[in-house]
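Before any comments, here is the structure.
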Amino acid sequence: MKKVILALKNTTFLSYKGVMICLLSFFWGCSGSGNSEFEQLADSLKREYGIQLDSQIQRILVLTEEDCPSCNRYFAKAVIKYVDDPHSIIIANASGSRVDITALIQAEKAVNNVYVARTYNKQNSFVNKTKVIYLEHNKIDTVVTINARELERQFKYIFEN
C-alpha cells in the first residue's frame, strides 16, 4: 500500500485522476448488474408465469421432479395447504410424470396463486429445484432447497413458518 501511495505522490494530478478512474471502473464493473436477487426473481416470474410479486407475498413454493422423488411427492401433498393462502405462490415446474400434480392443476383453475408449468424448465435457477423461497420487505430472506439428507429439518422449518 505504501508503494501505491508513493507512486501516487510522484504522479501529476492528471495521471492521478486517470488512476482513480481506472480503479473506480474496475470496482464498478465487478459490482454486478445492479439488479438485486429479488428483482431478478420478480422479473423471471413475471416473464415466465405472468406472476406479479408484491409486498404481501411471503413465500414461493416450487415443486419439481428433480432429485429426491419421495421428497417431491411428500412436498406436492403438503403444499396443498397453501392453495388458498394469499401470502403464498405455488409453482409446479413439473410434467406430472414422476410426481402427481393433479391437485395443483385443479387448483390452478380455481385460485390465483397456483401456476403449473407442465414442462420442466431447468434453465431458471429460481424454479429448477424443489424449494421454498421466503420473502420479506421485497427481498429474498431465506431459501430452503429440499434435499433428502436434511429433509426432516427442512419440512419442520417450512411448515412451521
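The values are calculated or read from the model by the stated rules, or taken from the named source; none is laboratory data. What you are looking at is a predicted structure, and each value in this text was computed from that prediction instead of being measured. Because the Cβ atoms are built from the backbone with ideal geometry, glycine has one as well, and the counts that use them run over all protein chains shown. Surface areas here come from the heavy atoms of the whole protein model, side chains and all, with no ligands, DNA or RNA. Shrake-Rupley method; radii C 1.70, N 1.55, O 1.52, S 1.80 Å.
Numerical summary
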item: Modelled label reach - Ser125, point 7 Å along Cα→Cβ, segment 34-70 residues with backbone N closer than 14 Å; result: 34-42, 44
item: Area accessible to solvent at Thr145, 1.4 Å probe radius, in Å²; result: 50 Å²
item: Global geometry of segment 112-153, whether rounded, prolate or oblate, following the gyration tensor of its Cα atoms and the 1.5 cut on a/c; result: oblate
item: Pairwise label distance in nanometres, Gln40 with Arg153, each label 7 Å out on the Cα-Cβ vector; result: 2.6 nm
